[in-house]
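K.L.:
The following block contains the structure, expressed as structure tokens.
The values are calculated or read from the model by the stated rules, or taken from the named source; none is laboratory data. Source: prediction; values computed, not measured. Methodologically, a virtual Cβ is constructed for each residue, glycine included, from the backbone with ideal geometry; neighbour enumeration extends over all protein chains shown. Surface areas here come from the heavy atoms of the whole protein model, side chains and all, with no ligands, DNA or RNA. Shrake-Rupley method; radii C 1.70, N 1.55, O 1.52, S 1.80 Å.
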Amino acid sequence: MHQFGDWLGRTARQTGNGIKRLAAPVIRAWRGSMQVRVVSATLVASTVLVVVFGLVVASTIIGGMVQTKVETAINQVENSRTVVKRDLATVATAKEPNLDGQMKGLVRELAGEARQSGAPTVVLRTRGAEPIVVAWPAEPSVAEEQLPQDLRDKVLAGKMAIQYAGLNPDGGQERPFLAVGTPVYTDQLTYELYFLFPLDAENQMQTLVRTTLVIAGIALVLLLGVIAGLVTRMVVTPVRLAARTAQRLSAGLLHERMDVRGADDLAKLAGSFNLMAENLHQQIVRLEDMSRLQRRFTSDVSHELRTP
């Protein structure tokens, strides 16, 4: 146990030292470069802004798309309920021999073209001890088994219900569906009508919107980083030139000057720096002249004092 504790402590120290070595160049760059700090701050701020903007845009687009799908589905189900009620109004009992055929014809009509992209699966069943179940284009037993229980309970309670679920009414891979159910009342019988709308197109559009926003966001953040780097460089370069010129002046190179380009604030800074350097040069030359005069005066006085 003691050896394990020692090993764990050594591992922690080695990990900490490794992190410090890796972070040292970053810390030096952060402390020693204003350009790095400005670009980093711009990247962080723009990333937060792009993420928030992307989430708002994605939620707005996807929410509007889903809301449109729901409204369209509700309208279609309500219209289909009217059709079912009209066509089956004369059916007196669930044991009529032609009821199964009528229901099959209805669900095919309501489902539309089975091979059409986005076509719903329609399930129609009678309510009773021995219900008749028909579906199109899926098999009735498979489609009925896929109906969410919560949806069926609400329809049994006499309400139109909507539910999102992962289903496979065609017996294949599970896919996202919008399930809508409603009771249909006639004078003699009660039916349950269910529509299973595939959400494959909406799911693909959602993925496309998110992918597009992610790519656009990354490109925008990188572009803002490049712009921030270029703008900061325009400001930092004269400051660095001024620092190098000041170092050369302090080293005794009194003729060093900055290049003045344009008439903006940076050009004024360079001009002011050159004027300061020129005045400093003149003051140093004046002090050197005074020093030479002082040395000459001292030499002359000393010579006179030594001469009898």
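K.L.:
Would you say Trp7 is under 32 Å from the mean Cα position of the chain (by Cα) and modelled with pLDDT under 80?
P.N.:
Working: under 32 Å from the mean Cα position of the chain (by Cα): no; modelled with pLDDT under 80: yes.
Considered against the rule, which asks whether it is under 32 Å from the mean Cα position of the chain (by Cα) and modelled with pLDDT under 80, Trp7 comes out as no.
K.L.:
In this structure, does Leu224 turn out to be open to solvent by 40 Å² or more (accessible area, probe 1.4 Å), at pLDDT below 75 and of a type in the set (A, V, I, L, M, F, W, C)? Show your work before the answer.
P.N.:
Details: open to solvent by 40 Å² or more (accessible area, probe 1.4 Å): yes; at pLDDT below 75: no; of a type in the set (A, V, I, L, M, F, W, C): yes.
No; evaluated as a whole, the condition is false for this residue.
K.L.:
Then there's this: Could you pull out the residue among Ala24, Ala41 that is under 30 Å from the mean Cα position of the chain (by Cα), open to solvent by less than 60 Å² (accessible area, probe 1.4 Å) and either over 30 Å from Leu199 (Cα atoms) or at pLDDT 65 or above (or both)?
P.N.:
Ala41
K.L.:
Turning to a different aspect of this structure: Might you check whether a residue that is within 47 Å of the chain's Cα centre (by Cα) and either at pLDDT 75 or above or open to solvent by less than 100 Å² (accessible area, probe 1.4 Å) (or both) occurs anywhere in the stretch 251-259? Walk me through it before giving the result.
P.N.:
Narrowing the stretch 251-259 to residues within 47 Å of the chain's Cα centre (by Cα): 258-259.
Applying the additional criterion that residues be either at pLDDT 75 or above or open to solvent by less than 100 Å² (accessible area, probe 1.4 Å) (or both) yields 258.
There is at least one residue in the stretch 251-259 that is within 47 Å of the chain's Cα centre (by Cα) and either at pLDDT 75 or above or open to solvent by less than 100 Å² (accessible area, probe 1.4 Å) (or both).
K.L.:
Can you tell me how many residues in the stretch 167-182 are open to solvent by less than 40 Å² (accessible area, probe 1.4 Å) and at pLDDT 90 or above?
P.N.:
6
K.L.:
Then there's this: Answer yes or no as to whether Leu275 is at pLDDT below 70 and either at negative phi or open to solvent by 100 Å² or more (accessible area, probe 1.4 Å) (or both). Break it down into steps so the answer makes sense when it comes.
P.N.:
Working: at pLDDT below 70: no; either at negative phi or open to solvent by 100 Å² or more (accessible area, probe 1.4 Å) (or both): yes.
It is false that Leu275 is at pLDDT below 70 and either at negative phi or open to solvent by 100 Å² or more (accessible area, probe 1.4 Å) (or both).
K.L.:
Next question, about the same structure. Take the stretch 147-157 and flag every residue that is more than 15 Å from Val77 (Cβ to Cβ) and open to solvent by less than 40 Å² (accessible area, probe 1.4 Å).
P.N.:
Hit for the stretch 147-157 is Pro148, nothing else.
K.L.:
Cβ-Cβ under 7 Å, sequence separation 6+ or interchain: first residue in the stretch 153-170 and at negative phi and of a type outside the set (A, V, I, L, M, F, W, C), partner surrounded by 14 or more Cβ atoms within 10 Å (Cβ to Cβ) and assigned to a loop (DSSP other than H, G, I, E, B). Which pairs?
P.N.:
Between residues of the stretch 153-170 that are at negative phi and of a type outside the set (A, V, I, L, M, F, W, C) and residues that are surrounded by 14 or more Cβ atoms within 10 Å (Cβ to Cβ) and assigned to a loop (DSSP other than H, G, I, E, B), the close pairs are Gln163/Pro148; Pro169/Ala138; Asp170/Ala138.
K.L.:
If you don't mind, another one. Across the stretch 120-137, what is the number of residues that are of a type in the set (A, V, I, L, M, F, W, C), open to solvent by 10 Å² or more (accessible area, probe 1.4 Å) and under 39 Å from the mean Cα position of the chain (by Cα)? Show your work before the answer.
P.N.:
First pass over the stretch 120-137, keeping only residues of a type in the set (A, V, I, L, M, F, W, C): 122-124, 129, 132-136.
Right, trim to open to solvent by 10 Å² or more (accessible area, probe 1.4 Å) and you get 129, 132-133, 135-136.
From what is left, the residues that are under 39 Å from the mean Cα position of the chain (by Cα) are none.
Qualifying residue count for the region: 0.
K.L.:
From the set of residues in the stretch 183-205 that are surrounded by 14 or more Cβ atoms within 10 Å (Cβ to Cβ) and among the aliphatic types (A, V, I, L, M), which is farthest from the chain's Cα centre (by Cα)?
P.N.:
The residue in question is Leu189.
K.L.:
Follow-up. Suppose we keep only residues that are of a type outside the set (Gly, Ala, Ser) and open to solvent by less than 60 Å² (accessible area, probe 1.4 Å) within the stretch 206-220. Which one would you say is nearest to Val48 (Cα to Cα)? Walk me through it before giving the result.
P.N.:
If we filter the stretch 206-220 for residues that are of a type outside the set (Gly, Ala, Ser), which is where we start, we get 206-215, 218, 220.
Those still in the list that are open to solvent by less than 60 Å² (accessible area, probe 1.4 Å) too: 206, 209, 213.
Working: Gln206: 22, Val209: 19, Leu213: 14 Å.
The residue in question is Leu213.
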